[in-house]
Structure formats: structure tokens, C-alpha cells
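Take a look at this one; I'll ask things after.
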Amino acid sequence: MNEVLDSPPDSKKTEKRVRPGFANVLLLTIVAMSLALLRIAPALTFQTEEDRVFLGFPYSIEDSLQYADFVAQAKDHDSILFSNRFTLDEQTPRMIILPIYLIGRLAAALDLEIATAWTIAQALFIFLFVILWYWFVGIFFKDPPGRLFAFVFILLAGGLDGWVVLLGGVWPDAWAAVLKRDLWVVLGWTPYMTMYNPLYLAGWLVLLPWLAITKKAFDKSLPAAALSAALLPIMYLIHAYDAVVAMGTVAMIPLHPLLTRFDTKAFLRALLPAAIIATGAIPIALIARWQLADPLFAKVTAESQSGLFVSPDMWLLGFGGIFLAGIYGMSTLRKNTTNANLLFGWLLAAAMLSFSPFFEGRHFLYFVSLPLGLAAVFGLVRLKNKISWTGRKKAFAAAIVVLVFGNSFVRTSIRAFAHPYKDKRMTISKSELSMAQKLRTLPQGGVLASRNT
């Protein structure tokens, strides 16, 4: 595999992007459709106990009702400014989440139930992300075999959480509680896990093109730097976490030549595009200041910054072999290329934010899977080139890859189909639903209902 990080520094040679052939396009389409079907099928085949009702969202009821209400506001009132209708506290609607607004307008245009529109959007976002990911991987891997391997490996490979669950009876009770919490599928240890949430995918759909544009910006393109800056506030309105990661990436990129080679000239050259891109944070700060001027918005924002994060020790299980291969592949980051600079900044920013005590760091964990996966592929390529592969060695290596990297995919798939049958957090009782329906017959105003009911 001819990874692009091996390109010489400051090379002016332009490499032609190899266009995928029909077979690759067909495979890409099949992978995208299969992953979309795998992730939405549990919601379509959901079965519950006789006294429980599934509302159509494969999340906890608390999150489901909040998402559903935002979509309802967009559907019924064409509102892009969302309010929290589960409280009587005084407020001015200032929440903006563009993907939810679009889902609401989709529901209105096609006269769909809210849960149906959400499921369609999830499938569509998964499909678009898979296509976009194949394109993005081509930035780092030009040759078709290497690009295809990186694309499939990063999408499907995972850590050792499948084995942890399979050996659940082995762990002490105190360990079991921690393992269950920190290896929670919802945290997004793999891209496949992350596909459960359309909002995360919507953020990635703008983050990946932004990264490609930012790469050009640091390759001495000032127009690209200006475009990168302009996209930041849009990214914030799509999914704020992505904008935070993007700004962190810009801050880390100039440090790469300084920390890996103590190259002060390269560091100083990187400051100009970084400064131009950083101007995109100004409108974000103004929007955030306007939003935080509402007391309820400020209160909810403060309460969401719990400071919870997953211990780095858990990376050995959550990322497993990907983590180890990524460390081995990080030696390629010493190279003076814009690709190496970008991957370094992206990975370091995502990792640092996932441990942040100022945010809820665990909400940033899913950002690590993509750059760490790329680093892992570089590590596996290095390992492949160092070993003389015979037929037996190839068979043994294939078995190890399936057992080490494939168990997480199996665990996540099984959980998606089996878990809803016994997870009461995703359902409500028929009596609760009956009471909620009776509330609709009362006059508007003066009724307060908890999201839990």
C-alpha cells in the first residue's frame, strides 16, 4: 500500500486520484446500504413486553422525547429556534440544531410520523457518511487496494469489548459495573457504534469535507483557509461538538512540526493559515453568547458539563488492537507532510477533548475512532512490510484479525437486535402513555410533564 504520508516534504508533485471502478462502486453501495439496514432494522422489528410501548426511537426515553419534541417543533411550526417544552421556566427559544430542523421539515413535507422521519434520516445519513468516508480515505491512500482496505477496516474493526461481554461472568462485580459503563456502545468506540445517532453522523458529514479543505489551507492556500473559517459557524449550528473538535485540530496542527522535529520554521509558517481559520470562532462566540443570555439555556448547558470522561486505561479494551496498531503507526507522523500534520492535529485534539474535565469528555470519545483508525492502518501496513508472509502465516494472521478486530462488530450487532427486547429505558408503560394521551385533551397551558413520563 502506498500511503501518502510517505510523500517527500514540500513535494510539488501532484498525484492523480484513482477513480473507483464499477466493482468498487458496487461494493461501496452494498456496504453503505447494509450498514444502514443493520442500524435501523432493530427499530423496525422492535418487540416489547405486553405492558410496554416502543415510541420509535432506539434511545432512552429521556433523550427520545427531547429529540422528538424538537422535530415536532420544526414539523408543526417550521421553527428553527427550539425551546425546552418540558419545563415552565421562563425562556426564549435559542437552541439551533440544523439536522433536527431538516428532519422536521421532511416529516412535514411527506406527512410522516416523527419517528419514521427520524429513522429515514438515520438511514440516509449512514449511507452518505459511508460514501463520504470512502472519498476522504483517498486523501491518505491513493492506490485502490490500500484505500479499500482502510475504508472497510476503519468502518468495521473494533476493540475487545465483544470478548469482555462474552467473558462477563469472569470479572469481579466491582469491575463489571465499570466495564459496562465505560464500554457502553453509545459512547461510539467505533464508527459502526456511532451510527446509532443521526446527529453524530450529520456532524461528520461536514467535518470530513472541512478537514480536506483545512489540509489545503495548511498547504499554502489562503482561499481554502478563508473557506475553512466560514464553515466553522455552520458546523457549530449542525453539531456543536464537531466545531469544538475542528477548532482544537487547527490549534494542534502547527504544533506538529515543533513537537516531532523541533522545526520552528514550519511551525511559524503554519501560524498564518491557523490564524485565518481561527477567525471562524468569532461568529461562533457571538452565537454562543446570544444563546447563553437566556437563563434556561445557560442552566441546561452548565448542567450538561459533568466533567465525566472514560479512563485512558479503557482504551486498551475499547480500541484494543486498533490502539496498539495506531501507536505503532504513529511513527509515520514524524514526516513533514500536510497529511501527517492534519492527522496529528485531528487525533490529538479528539483525544484531549475526550479527557476534558471542562466538558463531558466522554461525548467526544467517538471522534477518536476515525483518526486513530487511520493511524492503525499505517501501523498494520508497516507490520505487513516487515514480515515475510507464507500461506500459513496469512491464514493465521487472517484469523487473528477477525478475532481481535471483528468481535466488537459482532457484539454491537447482536446487542442492537437483542437489547431492545429487555431494555425498559427505551419504552414506556401503557399506563404512562394513556396518561400522556389524556393530557392532550386538556386546555393548553399550565400543564407540566416530566420527560420520564
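Mind ranking 117-129, 187-199, 266-278 by how tightly packed they are, going by the mean number of other C-beta atoms within 10 angstrom, highest first?
187-199, 117-129, 266-278
Same structure again: Which of rounded, prolate, oblate describes segment 180-299, given a ≥ b ≥ c as roots of the alpha-carbon gyration tensor eigenvalues and a/c under 1.5 marking rounded, otherwise prolate only if a/b is larger than b/c? Show your work: numbers first, answer last.
Values: a/c = 1.96, a/b = 1.35, b/c = 1.45.
Note, shape of segment 180-299 comes out oblate.
Quick one: which residues, 5 or more positions from M95 or on another chain, have an amide H under 5 Å from its amide H? H modelled 1.01 Å from N in the peptide plane, none for Pro or chain starts.
Placed amide hydrogens put F82 under 5 Å from M95.
While we're here: Describe numerically, in nm with one decimal, the distance between label points set 7 Å from Cα along Cα→Cβ at V152 and at D313.
3.7 nm
Another question about this same structure. Taking the square root of 5 times each eigenvalue of the Cα gyration tensor, what semi-axes in Å does the equivalent ellipsoid of segment 357-421 have, largest first?
Working from the Cα gyration tensor, I get semi-axes of 31, 21, 6 Å.
Within segment 326-354, whose backbone N sits under 13 Å from a point 7 Å along Cα→Cβ of L255?
Flagged as within label range: 344-354.
With a/c under 1.5 counting as rounded, go ahead and sort segment 238-394 into rounded, prolate or oblate using the C-alpha gyration tensor (a ≥ b ≥ c being the square roots of the eigenvalues; past the cut-off, prolate if a/b is larger than b/c, else oblate).
Oblate, since a/c reaches 1.5 and b/c is not below a/b.
Using 0.36 nm per residue, how much length does the chain from S429 to I400 gain when fully extended, once their Cα-Cα distance is taken away?
Using 0.36 nm per residue and subtracting the Cα-Cα distance, I get 5.9 nm.
While we're here: So how much slack lies between N336 and L112, counting 0.36 nm per residue of separation and subtracting their Cα-Cα distance, in nm?
The N336-L112 span can extend by a further 75.5 nm.
Shifting gears a bit: Relative to the present Cα-Cα distance, how much length would full extension add between H77 and V300 at 0.36 nm per residue of separation?
Separation in residues times 0.36 nm, less the Cα-Cα distance, equals 78.0 nm.
Compute the acute angle (0 to 90°) between the alpha-carbon long axis of helix 61-77 and the principal axis of greatest extent of the alpha-carbon atoms of the chain; round to the nearest 10°.
It is inclined by approximately 80 degrees.
Turning to a different aspect of this structure: Return the subset of K215/K299; K142/K393; K142/K180; K180/K215; K335/K394 for which the Cα-Cα distance in this structure is over 32 Å, preserving the input order.
Check vs 32 Å cut-off fails for K215/K299; K142/K180; K180/K215.
At 7 Å along Cα-to-Cβ for each site, give me the label-to-label distance between K386 and V170 in nm.
Result for the modelled spin labels: 2.7 nm.
Roughly how big is the chain's charge dipole about its Cα centre, with Cβ charges of +1 (Lys, Arg) and -1 (Asp, Glu), in debye to the nearest 20?
Result for the chain is approximately 1740 debye, rounded to the nearest 20.
If you take volume of the Cα convex hull per residue in Å³ from the coordinates, which of (i) 179; (ii) 140; (iii) 170 do you get?
(iii)
Just to confirm a number: summing +1 for Lys and Arg and -1 for Asp and Glu over residues other than L342 whose beta-carbon lies under 13 angstrom from that of L342, what do you get?
Summing Lys/Arg as +1 and Asp/Glu as -1 gives +2.
Here's something else I'd like to know. Does segment 238-314 classify as rounded, prolate or oblate by the C-alpha gyration tensor (a ≥ b ≥ c root eigenvalues; a/c under 1.5 gives rounded; else a/b over b/c gives prolate, otherwise oblate)? Display every interim value, and only then the final one.
Details: a/c = 3.92, a/b = 1.57, b/c = 2.50.
Cα axes put segment 238-314 in the oblate bin.
Nearest 500 deg cm²/dmol is fine: what mean residue ellipticity at 222 nm does the chain get from its DSSP H runs of n ≥ 4 alone, each adding -39,500 (n - 2.57), divided by its residue count?
Taking each H run of at least 4 residues, the total per residue is -20500 deg cm²/dmol.
Tally up the carbon and sulfur contribution to the accessible surface of the chain as a whole percent, 1.4 Å probe, everything protein left in place.
Of all accessible area on the chain, carbon and sulfur atoms account for 66 percent.
Still on this model: Net charge near A224, counting Lys/Arg +1 and Asp/Glu -1 over other residues with Cβ under 13 Å of its Cβ?
Values: positive: K215, K216, K220; negative: D219.
Once positives and negatives cancel, what remains is +2.
The values are calculated or read from the model by the stated rules, or taken from the named source; none is laboratory data. Just so it is clear, the model here is predicted, and its values are computed rather than measured. With ideal geometry, Cβ positions are generated from the backbone for all residues, glycine too; neighbour counts draw on all protein chains shown. Keep in mind that these areas ignore ligands, DNA and RNA; they rest on the heavy atoms of the full protein, side chains included. Shrake-Rupley method; radii C 1.70, N 1.55, O 1.52, S 1.80 Å.
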